[in-house]
Amino acid sequence: MANRITKTFWVNNEKLANPPLDVPYQGYMGDIDISPGALNYRADPNPQNHITPIMTTGNINIDIESLQSARQTINEKMFVDLFLMMKDTQMTATEVIQRNQEKMLLLGSVIGRLLHEVLTPLVYRTLMLLIDNGIIEQLETPVKVEFLSPLAQTQKSSEYSSLVVLLNTVLQSAQVNPDVIDNINWDNFIRKVADIYSVDSHLLNDESEVENMRQQREQSQMAQMQLQLEELKGKAMKNQAQAQLNIKKSEAIL
């Protein structure tokens with residue numbers, strides 16, 4: 001529709017700038033020349049038989065308004081306004097986050113279908129072609145496709161807001177009942193936040209490494225507790241021996 005309106009606009013504009021002519025039959029000698037400063041010699045002496053422009057009824061303003069309306073409709077349907085920068089510089093960070101969430105709510109269905117129905121199958125298909133043609137080796141572990149574009153990151157950041165709300169709720173409830181903290185799997189919580197913001201996997205330890213570190217820490221704590229128990233036991237035996245010695249001295253004095 002926009003292309004057709006544009007075509008009509010230029011046709012009307014060209015008609016106004018170079019309108020069709022009403023020329024008397026055999027009224028001029030030679031071909032009619034309409035270039036600037038051209039001379040055309042008349043063969044007919046009748047003054048009524050002269051070249052006159054045929055004025056059309058085209059309205060350029062209407063075409064411009066129609067084109068602007070079509071462009072606005074296209075921008076709305078294609079969510080162009082959602083990708084523009086925030087013009088209100090007085091907004092707080094919370095307001096910016098809320099507006100971004102509203103945008104992602106509108107784009108959720110569109111982006112979700114684009115990622116899961118088009119881009120993800122395309123990536124898997126490309127990967128399989130590379131394997132079938134021997135360009136890369138067969139993968140031993142499953143592949144998970146993650147998109148790192150700013151739009152995908154912004155959409156995933158809305159999940160972080162939900163996690164923050166959950167965390168604040170748990171911490172507030174823990175002031176009344178500390179046992180509610182046990183409902184949170186903190187390891188999965190941290191890994192989920194890292195996944196939302198696409199943190200480099202090399203910055204996080206593997207689950208096996210985390211388990212080994214905790215076991216070593218637990219063994220170190222157990223060894224330290226055992227050492228403290230041995231020290232307390234030694235002090236107790238020393239105190240007991242000193243008490244028996246004092247008893248014997250007291251008996252000897254008596």
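The values are calculated or read from the model by the stated rules, or taken from the named source; none is laboratory data. All of these numbers come straight from a predicted model, not from anything done at the bench. Cβ: placed from backbone, ideal geometry, glycine included. Neighbour counts: every protein chain shown. Calculation scope for accessible area: heavy atoms of the full protein, side chains included, ligands and nucleic acids excluded. Shrake-Rupley method; radii C 1.70, N 1.55, O 1.52, S 1.80 Å.
In segment 138-177, of all residues being open to solvent by 70 Å² or more (accessible area, probe 1.4 Å) and of a type in the set (A, V, I, L, M, F, W, C), the one that is modelled with the lowest pLDDT corresponds to L148. Of the helices (runs of 4 or more DSSP H) lying entirely inside segment 136-254, those containing at least 3 residues that are in contact (Cβ under 8 Å) with a residue 24 or more places away in the chain and under 30 Å from F79 (Cα atoms) are 150-174, 186-196.
When the residues of segment 1-46 are filtered to those that are within 30 Å of D63 (Cβ to Cβ) and in contact with a strand residue (DSSP E or B) (Cβ under 8 Å, 6 or more places away or on another chain), the one that is least open to solvent (accessible area, probe 1.4 Å) is P19.
The residue that is nearest to the chain's Cα centre (by Cα), counting only those in segment 1-43 that are assigned to a loop (DSSP other than H, G, I, E, B) and more than 21 Å from I54 (Cβ to Cβ), is M1.
Within segment 73-84, no residue that is under 21 Å from N3 (Cβ atoms) and open to solvent by 90 Å² or more (accessible area, probe 1.4 Å) sits with its Cβ atom under 6 Å from a residue that is modelled with pLDDT of 80 or more and small (G, A, S) at 6+ positions apart or across chains.
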